[in-house]
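To start, the structure under review is shown below, and the notes come after it.
All of the numbers you see were taken from the coordinates with simple rules; none came from a lab. Just so it is clear, the model here is predicted, and its values are computed rather than measured. Note that each Cβ is placed from the backbone with ideal geometry, even for glycine, and that neighbours are counted across all protein chains shown.
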Amino acid sequence: MIDPLQTGLIAGSLLLAALAAVYVALDRLADRLLLVVLAVLELGLLVQAVAGTVQVASDNPGVNAVVFVGYLLGALLFLPAATVWALGEPSRAGTAALIVVGLVVPVLILRIEQIWTAPGA
Amino acid sequence: MPEPAERSGRTDVGLGRILVLVYGIFALSATGRSSVQLAQKAEEAPLAYGLSAFAAVLYIVATWCLAKPGSTTTRLAWLAVGVELVGVLVVGTLTVLDPELFPDDTVWSGFGSGYGFVPVVLPFLGLAWLRRTTGSPFSGTPTPR
């Protein structure tokens, strides 16, 4: 089910990681711009979760639906949890935590794609 | 970056912020993975899935205890990360020597090869961080300021 949305989400997450890296390098704290990027990404993940769930319910190519939907919903937890944790310490290290989560989300999306295209894997 | 003073007892600040996040990511991933495995096919590979669940619990305990430093939680963090190190080394070695031992992968199989080998690096980082911020597990844990 890799589609423009997922490609965009992967690109957006990498952008978040790069942006957070720039903030860390410049010793700037997370600001509204970073939060907007986070919110947009989370919204995209929510759309992916809804679209993916509908897709697996209507036209299941033989994937393990529980695992698939589990990943779709689980992917929604990462950004909010990381954001709360990262902002809990307004410091370079706090912002650096956002680099980590920006690199993890693409892995999740690729895994979701893998489950969809290679049932049983 | 406000680096915590050496042996401040604060495992949750500075670089600890990043470490706790990585532990949290593994806590979430391992919990999700093992609960699906146990719920859907527990009888297929009880040992592997039981091990996945055990790893998930360790990651949750380590995440929580590193994030909330205190005399008890810091001791628990030492314990959880120590057991994690033994677990990943033992399971990693066994799965490399005998791939048939666990019919299905766990987070520690092949030293965490399915997770970019982060699982084998993480406990070393965890112990190094605990040592830097809290000294030794036996020397009495400094209380966080």
Can you give the charge dipole size of chain A about its Cα centre, rounded to the nearest 20 debye, using +1 on the beta carbon of Lys and Arg and -1 on the beta carbon of Asp and Glu?
160 debye
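Ranked highest first by the average count of other Cβ atoms within 10 Å around their residues, in what order do B:90-98, A:93-101 fall? Before the final figure, lay out the partial values.
Values: B:90-98: 14.4, A:93-101: 23.9.
Most protected by this proxy first, the peptides run A:93-101, B:90-98.
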Per the C-alpha gyration tensor (a ≥ b ≥ c, the square roots of its eigenvalues), the protein assembly as shown is rounded if a/c is under 1.5, else prolate if a/b beats b/c, else oblate; here it's oblate
Using a 7 Å offset from the Cα along the Cα-to-Cβ direction at both B:Val96 and B:Glu44, what is the distance between the two label points in nm, to one decimal?
2.7 nm
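Going by C-beta contacts inside 10 Å, put B:Ser113, B:Ser136, A:Ser58, B:Ser34 in order with the fewest on the left.
Details: B:Ser113 15, B:Ser136 11, A:Ser58 7, B:Ser34 22.
Neighbour counts put them in this order, fewest first: A:Ser58, B:Ser136, B:Ser113, B:Ser34.
Order by neighbour count: B:Tyr23, A:Tyr23, fewest other Cβ atoms within 10 Å first, most last. Walk me through the numbers before you get to the answer.
Working: B:Tyr23 29, A:Tyr23 20.
Placing the least packed residue first, the sequence is A:Tyr23, B:Tyr23.
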Going by how many other Cβ atoms sit within 10 Å of their own, how do A:Thr7, B:Thr133 line up, fewest first?
A:Thr7, B:Thr133
Could you give me the ³J(HN,Hα) list for the stretch A:97-110, computed from phi with Karplus coefficients 6.51, -1.76, 1.60 and θ = phi - 60°, whole Hz, x at Gly and Pro?
4, 6, 4, 4, 5, x, 8, 7, 4, x, 4, 4, 5, 5
Helix B:46-67 sits at what angle to the longest principal axis of chain B, using alpha carbons and giving 0 to 90 degrees rounded to 10?
10 degrees
Name the residues whose placed amide hydrogens come within less than 5 Å of the amide hydrogen of A:Asn64, ignoring near sequence neighbours (fewer than 5 apart) on the same chain.
A:Gly120
Over the stretch A:4-121, what is the relative contact order in whole percent, taking alpha-carbon pairs under 8 Å and six or more residues apart?
40 percent
